[in-house]
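*Asks:* Sharing a structure, written as structure tokens. Questions coming.
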Amino acid sequence: MKTILVTGGAGFLGSHLCERLLDRGDEVICLDNLFTGRKENIRHLMRRSHFEFMRHDIVDPFMVECDQIYNLACPASPVAYQYNPIKTIKTSSVGTVNVLGLAKRCQARILHASTSEVYGDPTVHPQPESYWGNVNPIGPRSCYDEGKRVAESLCMNYHLAHGVEVRIIRIFNTYGPRMDPNDGRVISNFITQALRGEPLTVYGDGSQTRSFCYRDDLIEGMIRLMDQNEETGPVNIGNPGEFSMLELAEAVIAATHSTSTVEHLPLPQDDPQQRRPDITKARQLLNWEPTIELEEGLRKTVAYYRAELGIPVRGEDDAVASVADEARGGLCLNV
Ligand code: NAD
Ligand code: UDP
């Protein structure tokens, strides 16, 4: 049994990771300042004897004993990370120094959650890990993009200078149950709008593309990267299926059986025009590739949001209810 620290463990991805690690028999310390994370995400883990929650901010130094660290602490939604941009940069810079310092003291292996945003608005398509990116260093997204870039640099330099065992994962847009319905990302926005019968807010003309990975595929890739002994990374993990935002809106309307229409709103500054991972490295190194395509992932996510928002399906039957239960990960939302 290993003791594993998950920073950002009460967030969307962190809470699923904690659950997977507990299920395979590890001791898990979940550290989170609850900025975008929610206690509801981990309430069902609290009664498990190998789970511990620490409310703490990684920008402030801390000490725990552990064998591995997954560093996920950082808001991921553009709305959330632009709310307090200086705090976002501090989390990725000062916070990452604190977590790397801990890894050094404990001789723990650390996996750092980086992002496809390090490629900015990419001029190479699809994006391999060797592409250095096209980031506006002073734009509204720079608090996140440049923060994540400096965090990658810190990881590599702690590895080279101090021999810290580092793994860097570059995560492409990932979605699924437990994504906060109000966090402002496109899948949570579109599904909640479609379920409420409101227009889907497509920014710009909707021709910009993203590639959407279901959370279970992502967590599998993340754990495989942490547990292999060959490669520091970075390694792209994402689903190469590429969709325009208009195509996504259509897919969400179909998955929710909604009568919603589409409403166009201004495109935010520096919004990347296209994004799609080259996952050759993940295939070769980790024998990993995504298994859940958009239609199936949306179905599971819609079931979760229906339960979360209390919007029943017309003529809801047991089958739908059990999909919702599975999507929630067995979590009883009313406890
Ligand atoms: P999330 O916002 O749900 O989770 C982030 C968690 O970090 C939250 O629980 C939040 O409270 C916590 N946190 C933020 N700042 C903190 C701080 N200073 N100290 C302690 N805790 C802090 O987002 P997510 O989608 O689960 O993303 C998790 C990680 O994966 C992030 O690092 C994000 O940058 C990265 N990532 C996610 C995606 C995606 O599509 N989901 C894509 C690329 C990268
Ligand atoms: N987007 C949109 N409507 C929304 C939210 C987002 O059209 O209500 C677009 C956004 O402009 C971007 C894409 O969806 O082109 C993905 O946005 P998100 O915030 O989910 O993540 P990003 O990949 O931009 O970090």
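The values are calculated or read from the model by the stated rules, or taken from the named source; none is laboratory data. The structure displayed is predicted, hence computed values, not measured ones. Positions of Cβ are backbone-derived with ideal geometry, glycine not excepted, and every protein chain shown enters the neighbour counts. Ligands, DNA and RNA are excluded from the accessible area calculation, which covers all protein heavy atoms including side chains. Shrake-Rupley method; radii C 1.70, N 1.55, O 1.52, S 1.80 Å.
*Asks:* Once the piece of chain linking VAL150 and THR280 is laid out straight, how much longer is it, given 0.36 nm per residue of separation minus the C-alpha distance between them?
*Replies:* Details: separation 130, 0.36 × 130 = 46.80 nm, distance 2.47 nm.
That works out to 44.3 nm of additional length.
*Asks:* Taking only protein heavy atoms into account and a 1.4 Å probe, give the accessible area per residue of the chain in Å².
*Replies:* Per-residue value: 43 Å².
*Asks:* Hey, another quick one. When the Debye formula is applied to the Cα atoms of region 46-110, each taken as the same point scatterer, what base-10 log of I(q)/I(0) results at q = 0.20 Å⁻¹?
*Replies:* The computed values of log10 I(q)/I(0) come out as -0.86.
*Asks:* ILE86 versus ARG196, label points 7 Å from Cα toward the beta carbon: distance in nm?
*Replies:* 3.3
*Asks:* Continuing with the same structure: What distance in nm separates the two pseudo spin-label positions at ASP227 and MET1, each 7 Å out from Cα along the beta-carbon direction?
*Replies:* Those two pseudo-labels are separated by 1.7 nm.
*Asks:* May I pose another question? Please list the non-local residues whose amide H lies under 5 Å from the amide H of TRP288, H modeled 1.01 Å from N, same-chain partners needing a gap of 5 or more.
*Replies:* Hits under the 5 Å cutoff: ARG283.
*Asks:* Continuing with this model, one more query. Ordered by residue, what ³J(HN,Hα) values in Hz, to whole numbers, does region 123-132 give under the Karplus form 6.51 cos²θ - 1.76 cosθ + 1.60, where θ = phi - 60° and Gly and Pro are x?
*Replies:* Calculated HN-Hα couplings, in order: 9, 10, 9, x, 9, x, 5, 6, 6, 8 Hz.
*Asks:* Right, next: As a test of reading the structure, rank TYR305, TYR131 by solvent-accessible area (1.4 Å probe, protein chains only), most first.
*Replies:* TYR131, TYR305
*Asks:* How big is region 227-291 in terms of Cα radius of gyration and Dmax, in angstroms?
*Replies:* For region 227-291, the Cα-based Rg and Dmax read 17.0, 50 Å.
*Asks:* Report, in whole Å, the centroid distance computed from the Cα atoms of region 257-315 and region 117-153.
*Replies:* Between the Cα centres of region 257-315 and region 117-153 lies a distance of 22 Å.
*Asks:* Identify the trypsin sites (Lys or Arg not before Pro) of region 9-107 meeting these criteria: DSSP loop state and at most 15 other C-beta atoms within 10 Å of the C-beta. Each step should come with its number before you reach the end.
*Replies:* Details: sites: ARG20, ARG24, ARG38, LYS39, ARG43, ARG47, ARG48, ARG55, LYS87, LYS90, LYS104, ARG105; in loops: ARG24, ARG38, ARG47, ARG48.
Answer by residue number: ARG24, ARG38, ARG47, ARG48.
*Asks:* Could you point to the residue in SER211, ILE168, VAL252 farthest towards the positive end of the chain's charge dipole, with +1 and -1 charges on the Cβ of Lys/Arg and Asp/Glu respectively?
*Replies:* It is ILE168.
*Asks:* Now a separate question. Quick one: how many lysine pairs in the chain have C-alpha atoms under 29 angstrom apart, if they're 8 or more apart or on different chains?
*Replies:* 16
*Asks:* When a/c reaches 1.5 or more, the comparison of a/b and b/c decides; with that in mind, is the chain rounded, prolate or oblate per its Cα gyration tensor?
*Replies:* Oblate.
*Asks:* Given region 99-176 reduced to its alpha-carbon atoms as identical point scatterers, what log10 I(q)/I(0) does the Debye formula return at q = 0.16, 0.17 Å⁻¹?
*Replies:* -0.64, -0.71
*Asks:* Please list, by residue number, everything in region 195-227 whose backbone N is under 12 Å from a paramagnetic label point 7 Å out along Cα→Cβ of GLU247.
*Replies:* 207-212
*Asks:* Charges at C-beta only: +1 for Lys and Arg, -1 for Asp and Glu. How large is the resulting dipole of region 1-78 about its Cα centre, in Debye rounded to 20?
*Replies:* With only Lys, Arg, Asp and Glu charged at Cβ, the dipole is about 300 debye.
*Asks:* Starting from 0.36 nm per residue, how many nanometres of slack lie between LYS104 and PHE62 once their C-alpha separation is accounted for?
*Replies:* 13.8 nm
*Asks:* At 1.4 Å probe size, put GLU19, GLU230 in order of accessible surface, largest to smallest.
*Replies:* Working: GLU19 30, GLU230 160 Å².
In descending accessible area the options line up as GLU230, GLU19.
*Asks:* Sticking with this structure for a sec: Pull out the extension gain between HIS125 and HIS257, defined as 0.36 nm times the separation in residues minus the alpha carbon to alpha carbon distance; nm, one decimal.
*Replies:* Length gained, HIS125 through HIS257: 44.2 nm.
*Asks:* For region 31-55 and region 176-205, what is the separation of their Cα centres, given in Å?
*Replies:* 25
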